[in-house]
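Input: a single structure, listed below in structure tokens.
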Amino acid sequence: STHCISSAASDVYKRQALTAGDAQVYVYNNSGIPNAATDTAKRLDQQYAIANNSPDPAAMNMPEQNYGVFPETFVFYNPQVNGAEQIAADVARRVGGTPRAVGDLPQGAAGLPSAATGRNAITVVIAG
């Protein structure tokens with residue numbers, strides 16, 4: 001029948017789903033708390049690859065003058081990617097944030113770093 005998915009197509013579909021292993025987690029500090037991103041990255045790096053992990057806090061900073069003010073901690077994901085919402089929900093649970101689609105910026109936020117919008121990106125923005 002025409003509505004049946006072949007096993008080959010099904011395998012491709014499963015491969016395309018984002019997993020914890022291939023998620024690229026970005027952690028950014030949009031708060032006034034020094035090292036908030038570094039500390040959060042340490043809590044996540046056992047389970048996830050932290051794509052922007054750096055000893056330089058500036059590499060993990062999202063200055064308010066460039067990105068606006070995020071009202072609370074969010075974990076952004078690409079809603080077009082199968083599995084991304086579940087990973088964002090897990091990360092959000094670990095960091096005390098709220099999962100949110102990457103195109104759905106909260107009021108007060110001006111944008112996200114371009115790396116944060118990639119297919120495999122899961123992006124934590126720490127507010128405070």
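The values are calculated or read from the model by the stated rules, or taken from the named source; none is laboratory data. Just so you know, these numbers come straight off a predicted model, no measurement behind them. Note that we place each Cβ from the backbone using ideal geometry, even for glycine, and neighbour counts take in every protein chain shown. What goes into the accessible areas is simple: the full protein's heavy atoms, side chains included, and nothing from ligands, DNA or RNA. Shrake-Rupley method; radii C 1.70, N 1.55, O 1.52, S 1.80 Å.
Under a point-charge model restricted to the Cβ atoms of Lys and Arg (+1) and Asp and Glu (-1), what is the dipole moment magnitude of the chain relative to its Cα centre, in debye to the nearest 20? List each step's numbers first, then the result.
On the way: 8 positive and 10 negative charges, 46 e Å.
With only Lys, Arg, Asp and Glu charged at Cβ, the dipole is about 220 debye.
Over the alpha-carbon set of the chain, divide Rg by the Kirkwood Rh and report the Rg/Rh ratio to two decimals.
Here the Rg-to-Rh quotient is 1.05.
For the stretch 64-71, what does the Karplus curve 6.51 cos²θ - 1.76 cosθ + 1.60, with θ = phi - 60°, yield as ³J(HN,Hα) per residue in whole Hz, taken in order and with x for Gly and Pro?
These are the phi-based 3J(HN,Hα) values: 4, 5, 9, 10, x, 10, 8, x Hz.
Only bridges whose two residues both fall in the chain count here: according to DSSP, what percent of them are antiparallel, nearest 5?
30 percent
In whole angstrom, how long is each semi-axis of the equivalent ellipsoid of the stretch 61-108, when you take the square root of 5 times every eigenvalue of its Cα gyration tensor and sort them from largest down? Display every interim value, and only then the final one.
Working: eigenvalues 82, 32, 13 Å².
Semi-axes from the Cα gyration tensor: 20, 13, 8 Å.
Measure nothing fancy, just the Cα-based angle from helix 7-16's long axis to the longest principal axis of the chain, in degrees from 0 to 90, nearest 10.
That works out to roughly 0 degrees.
Mind checking the angle between helix 84-95 and the chain's longest principal axis? C-alpha axes, 0 to 90 degrees, to the nearest 10.
Tilt of helix 84-95: around 30 degrees.
Roughly how much of ARG43 is accessible, in Å² to the nearest 10, using a 1.4 Å probe?
Counting only protein heavy atoms, ARG43 exposes about 130 Å² to solvent.
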